[in-house]
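These notes are about the structure you will find just below.
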Amino acid sequence: MKKVITYGTYDLLHYGHTRLLERAKALGDYLIVGVTSDDFDKSRGKINVQQSLNERVAAVKATGIPDEVIIEEYEGQKIDDIIKYGVDIFTVGSDWVGYFDYLKEYCDVVYLDRTQGISSTQLRGEKRSLSLGMVGGSPIMTKLANECSFVNGVNITALCTDEVDKVPGNLHLELVTSDYDVLLDHVDAVYVHSEPKLHYEQVKKALEKGKHVLCETPIALVADQVDELFELARENGVVLMEALKTAYSLAYQRLLVLIKSGRIGQIVSVDATCTSLRDIEGDESTRFAPKWNSICTWGPTALLPVFQFLGTDYQEKHIVSRMADDREDYDLFTKIDFIYDKAVASIKVGKGVKSEGELIISGTKGYLYVPAPWWKTDYYETRFENPANNKRYFYQLDGEGIRYEVVAFVRAVENGEALSNIQPHITKAIAGVMEDFYNGKDKKTIG
Ligand code: C2G
């Protein structure tokens, strides 16, 4: 039996793909198709694939042409597959001529003529790009603009800031304004990164005008306002998403499912620390504008693993804040302890105090340790009584998660459904902690 193998992304499966699969099949008796898990288009430097891996696999299977469909997950896998499956012929379209000649050492390599006049890129290009306006004046804007350049289907076109004269020229914007209404009229969606106490009103206004919103966490400082905003988004048929980049980092997503799978047993304690110093130019923390105190800058990030692992139904909490000497409402450092039915949690956040920014999740079988800075990590470990069972996990981290957050937002807008990694009840619980902090509930201040 002659075995043939071919690989591809198969995004928005079209006639060019099926013609190639048919001809590949005709080269032998048994066709294996490798669908690549990568959603990065190397030639265009963009995260570019519109469909998820599952959708692409399903579409390839639905053609009825392949005898077997596999997933291509790593570089060099083609060689492994050819040996493993005893492949006789590797084939791919003529756009790859010469590129796979190195496989001739293992099997025959055949380049088939590419079908003219159709491509995934062309199909994707038929969709209109989302015009995104940024709100707020902090240096995150340059970072966001840079990250958006990796994402297909979104263009940053406008900025609303009080400091119009400080906007870097290299942003290439169509509009820079200090008038929020003018900005809203110009764009399809906004990324809100103003000072936290303005978020609620700005988000509300954007949603009322039918604009999609990606808002830097916390999206409100009062829990009920979160419900109101999500409801408003639903009524107006637009997307509201909380921007919290850690939730989109690959390592964090993987540790979330690892822990939910019971690898370290039942969770008994979550300890998360996030700190940075105050007013440092070039601080890699994205939120160092002076109006962002410790609880707003770092609280949501530190609360994320607490609420995602233990839920939002805690019995008690205690907030202790060391206030700044020079500014009211500015906590230099805040520690919050939570008591749950069968677990406890503790977060420490500081902007103006430095500590070890680690995340430790303790369970009945072992613990998970994420070294500093855990909120943008590419690495973590599970540790057990017997060190021989310890395991290290490494992941790719591109753009601290921001890029993938923007991808999730653009896809949510395109698909008309929320695809956020942060569920609305978690967003609400985060806002609830902010509310209690500002109302002094369950709270002591020192200093
Ligand atoms: N193809 C074709 N005619 C087109 C478009 C694509 O014959 N008009 C072929 C490609 O040459 C490829 C297959 O269909 O053999 C899948 O195309 P893509 O989904 O664009 O995949 P590609 O990124 O080319 O993947 O490492 C090799 C890659 O996995 C090939």
Most mobile of Ile422, Ile402, Ile70 in a GNM of the chain (Cα contacts under 10 Å): Ile70
Alpha-carbon Debye profile of segment 125-243, log10 I(q)/I(0) at 0.18, 0.20, 0.23 Å⁻¹: -0.89, -1.09, -1.39
The chain: equivalent-ellipsoid semi-axes (sqrt of 5 x gyration tensor eigenvalues, Cα, Å): 44, 29, 18
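Given +1 on the Cβ of Lys and Arg, -1 on the Cβ of Asp and Glu, and no further charges, what dipole in debye does the chain carry about its Cα centre, rounded to the nearest 20? Intermediate results must be reported in sequence, preceding the final value.
Values: 51 positive and 67 negative charges, 175 e Å.
Dipole size: approximately 840 debye.
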Residue-normalised accessible area of segment 3-121, given per residue in Å² at a 1.4 Å probe: 50 Å²
Over the chain, relative contact order from alpha-carbon pairs under 8 Å, at least 6 apart, %: 13 percent
Accessible surface ranking that places the most exposed of Arg56, Arg278, Arg392 first, with a 1.4 angstrom probe: Arg392, Arg278, Arg56
Candidate aspartates and glutamates - alpha carbon under 13 Å from Lys197, same-chain residues fewer than 8 apart omitted: Glu216, Asp329, Glu435
Highest-fluctuation residue, Ser321, Ser194, Ser37 considered, GNM on the chain with Cα pairs under 10 Å: Ser37
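Hey, got the dipole for segment 194-248? About the Cα centre, +1 on K and R Cβ, -1 on D and E Cβ, debye to the nearest 20?
On the way: 7 positive and 10 negative charges, 52 e Å.
Rounded to the nearest 20 debye, it is 240 debye.
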Local net charge near Ile264, Cβ-Cβ under 13 Å (Lys/Arg +1, Asp/Glu -1): +3
Reciprocal mean inverse distance between Cα atoms of segment 337-387 - Kirkwood radius, Å: 12.6 Å
Dipole-positive endmost among Tyr379, Asn389, Ala412 within segment 378-419 (Cβ charges, Cα centre): Asn389
Dipole of the chain, positive direction: furthest Cα of Gln266, Leu198, Leu359, with charges on the beta-carbon: Gln266
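When the helices in the chain are scored as -39500 (n - 2.57) per DSSP H run of 4 or longer and the sum is shared across all residues, what 222 nm value do you end up with, to the nearest 500 deg cm²/dmol?
Numbers: 12 runs with 137 residues, N = 447.
Result for the chain: -9500 deg cm²/dmol, rounded to the nearest 500.
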Mean Cβ neighbour count within 10 Å, used as a protection proxy, ranking 239-246, 256-263, 300-307 highest first: 300-307, 239-246, 256-263
Gaussian network model of the chain, springs between alpha carbon atoms under 10 Å - residue of Val320, Val97, Val270 with greatest fluctuation: Val97
Surface/4 estimate of mean projected area, convex hull on alpha-carbon atoms of segment 250-396, nm²: 9.2 nm²
Solvent-accessible area per residue for segment 334-381 (1.4 angstrom probe, square angstrom): 39 Å²
Rg and Dmax of segment 3-121, Cα atoms only, in Å: 13.3, 37
Degrees, to the nearest 10: 196-208 long Cα axis against longest axis of the chain: 50 degrees
Pairs of Lys in segment 319-414 closer than 14 Å at Cα, counting only those 8 or more apart or on different chains: 4
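For the chain, which whole percent of the accessible surface, found with a 1.4 angstrom probe, sits on carbon and sulfur atoms?
Values: 9670 of 20260 Å².
Carbon with sulfur: 48 percent of the solvent-accessible area.
Per residue, how much accessible area does segment 125-243 show when a 1.4 Å probe rolls over the protein heavy atoms, in square angstrom? Working shown, then result.
Details: 4960 Å² over 119 residues.
On a per-residue basis, 42 Å².
The values are calculated or read from the model by the stated rules, or taken from the named source; none is laboratory data. Remember, predicted model here, so these are calculated numbers, not experimental data. Counting neighbours? That spans all protein chains shown, and the Cβs are built from the backbone with ideal geometry, glycine included. These area figures cover heavy atoms from the full protein model, side chains too; ligands, DNA and RNA do not enter into them. Shrake-Rupley method; radii C 1.70, N 1.55, O 1.52, S 1.80 Å.
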